[in-house]
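The block underneath contains the structure these notes are about, expressed in C-alpha cells.
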Amino acid sequence: MTREIEPLLDIIIIGGGPTGLACAIEAQRAGLNYLTLEKGCVVNSLYNYPAQLVFFTTPELLEIGDLPFVCEREKPVRIEALKYYRRVVDTYRLRVNQYEKVTRVSGSANSANSVGHYLVETESALTGEKRSYRSRKIIVAIGYYDYANSLDIPGEDLPKVSHYYKDAHPFYDRDVAVIGGANSAAIAALDLHRHGARVTMIHRGHQLRRTIKYWILPDIENRITNGEVKAYFQTVVTQITPPTIRIRNLVTGEDLELQNDFVFALTGYHTDNDFLRSMGVEIDPETMKPSFDPETLESNVPGIYLAGVVTAGRETGKIFIENGRFHGGQIVNAILNHSRQK
C-alpha cells in the first residue's frame, strides 16, 4: 500500500549528490517547501569512488552554499569530500530522505486541476515501504555513476567482473585486467600494481587518453614502458571466462587468451535515460542529451528541470561538481521569476 506523506510541496529534488544538495540549499534560501530524495546515501556516487581517490580540482571549486571546504593538502581526497558534504547537510539542516528510490513520476504542471502538480512515488531501500508525494516542480539531479556502459560480451555477468573499482587489497598476487584508457582505468591500474596485483590494461585506442590527470598520465605510461603494467592498445575483450579473458587486436585481427582472475571494466557510465523518458523528457538519439532550455534548465516537460551531469548526454566529462553546483541557483531563479510573472 502506498502512503502519501506530505502536503503539496513546491519542489522535489531527485538525487542527493553535490548538485542535488546545491539545489536544496537554493530552494531553502528562497523559502520554498522542498524535499530531496536519494536512493542511496548522501553523495552516493562519491561514496562509491575509489577509496584513495584524489580530486582533480581544488577544494574551493567543490564548495556549495558558501560553506568553506578545508582540506589537508592542495587537492582533497574522497574521505574529505564525504565529510564536507555531510557537514553541508548538517549546517543547512537540509531535508534529505536517504535510501528512498523514486520509482515513478506522473502528472503534469499544466493539469486541469487548479494547482497542477506531479505525483512522485518512491520505495524505501531499507523497509520496502512505498510512499508518494505531490509537488509543483521537479528537479532531476541524478548523475550517471550508477549506470555503467556495458561491454555486451559473453561472460560480462561473471562474479569476477566489476564496472567499479574501490580498493586494491583483495587483488594482491592476482591477474587483473583493467579495460579502458581514461582516468578511472589509469588510477585503478596504478593502485592495483602498487598493491601487488599483476595488471593488464586493454584499450581500444592507440594510446591512453590525453585527458588523464596530468600527474597520473606520465606515471602510468612509465609503468607500461617499464613492463610493470602490461598494456594492449587497439584491442578489445571479446569474451570473459572464469579462468581467462579473450582479446582481439583491432588492426591485425589476432586473438589471444590471457590468464585472468578479475576484470575491471572501466569503460564509462551514462545517466538513466529510461527514467527521463518515463517522465516525457525527450532524448536526442545522437548526443543522448535531454531536451532543456539552457537559460532555465527546464526540460521540454513543463515543471521538470534538469541539473548537473544529467544535462550532458554522452559528454559526461563536460559537467562536473565545479559547474553543476551553480545549476540550483539557475533553476530556483527561473521558478521564482515564472511565479512572479503569473
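Only Cα pairs under 8 Å and 6+ residues apart enter the sum, and on that basis the relative contact order of the stretch 161-265 stands at 32 percent. Secondary-structure-derived ellipticity at 222 nm for the chain, considering helices only, amounts to -6500 deg cm²/dmol, per-run term -39500 (n - 2.57) for DSSP H runs with n ≥ 4. For His163, the residues whose amide H sits under 5 Å from its own are Ala265, ignoring neighbours fewer than 5 places away on the same chain, with H placed 1.01 Å from N. Length available on full extension from Tyr92 to Tyr172: 0.36 nm per residue minus the Cα-Cα distance, which gives 24.5 nm. Modelled this way, with points 7 Å down the Cα-to-C-beta line, the labels at Val54 and Thr103 are 4.5 nm from one another. Where does helix 78-92 land angle-wise versus the long Cα axis of the chain, in degrees 0 to 90, nearest 10? So the inclination is approximately 10 degrees. In this rough spin-label picture, where each label sits 7 Å from Cα along the Cβ direction, the Tyr47-Glu221 distance is 3.8 nm. Taking all Cα pairs closer than 8 Å and separated by 6 or more residues, the relative contact order of the stretch 45-166 comes to 20 percent. What angle, in degrees between 0 and 90 and rounded to the nearest 10, separates the Cα long axis of helix 327-341 from the longest principal axis of the Cα atoms of the chain? The angle comes out near 20 degrees. A dipole drawn for the stretch 161-265 from +1 and -1 charges on Cβ atoms has a positive end, and of Ala168, Thr241, His206 the residue lying farthest that way is His206. The DSSP beta bridges internal to the stretch 194-342 are antiparallel in roughly 75% of cases. For the chain, a crude dipole built from +1 on the beta carbon of Lys and Arg and -1 on the beta carbon of Asp and Glu, taken about the Cα centre, is about 500 debye to the nearest 20.
How high is the relative contact order of the chain? Use alpha-carbon pairs under 8 Å, at least six apart in sequence, and give a whole percent. Please list the in-between numbers first.
Numbers: 721 pairs, mean separation 66.0, N = 342.
Worked out over the chain, it gives 19 percent.
With a simple spin-label model that places each label point 7 Å from the Cα along the Cα-to-Cβ direction, the separation between Glu282 and Val251 comes to 4.4 nm. With all pairs of separate Cα atoms included, the chain yields a Kirkwood hydrodynamic radius of 21.7 Å. Across q = 0.12 Å⁻¹, the stretch 181-323 modelled as identical point scatterers on its alpha-carbon atoms has Debye log10 I(q)/I(0) values of -0.66, in the order of the q list.
Relative to the Cα centre, what is the charge dipole magnitude of the stretch 161-265, using +1 at the beta carbon of each Lys and Arg, -1 at the beta carbon of each Asp and Glu, and rounding to the nearest 20 debye? Roughly 320 debye for the stretch 161-265.
Positive-end ranking of Phe264, Asn226, Ala186 along the dipole of the stretch 161-265, with charges on Cβ about the Cα centre, is headed by Ala186.
For the stretch 1-78, the list of trypsin sites (Lys or Arg not before Pro) that fall in a loop by DSSP and count at most 12 other C-beta atoms within 10 angstrom reads Arg73. Each DSSP beta bridge with both residues in the chain is either parallel or antiparallel, and the antiparallel ones are about 50%. What FRET efficiency, computed as 1/(1 + (r/R0)^6) with R0 = 45 Å and r the Cβ-Cβ distance, is obtained for Thr211 and Leu8, rounded to the nearest 0.05? Efficiency at R0 = 45 Å is approximately 0.50.
Angle check, please: helix 183-194 long axis (alpha carbons) against the longest principal axis of the chain (alpha carbons), in degrees 0 to 90, nearest 10. Result, in degrees: 50.
Sparsely packed loop sites in the stretch 202-258 (the GluC sites (Glu not before Pro) outside DSSP H, G, I, E and B with at most 12 other Cβ atoms within 10 Å) comprise Glu254. Loop-located chymotrypsin sites (Phe, Trp or Tyr not before Pro) across the stretch 204-250 with a Cβ neighbour count of 16 or fewer within 10 Å are Tyr214, Trp215, with loop assigned by DSSP.
Note on the stretch 24-123: dipole from Cβ charges, positive end direction compared against Ala30, Pro59, His117; the farthest Cα belongs to His117.
Any read-out appearing in this document is the output of simple, stated calculations on the displayed coordinates, not a laboratory observation. Given the structure is predicted, the values throughout are model-derived calculations rather than measurements. Neighbour counts run over all protein chains shown; Cβ positions are idealised from the backbone, glycine included.
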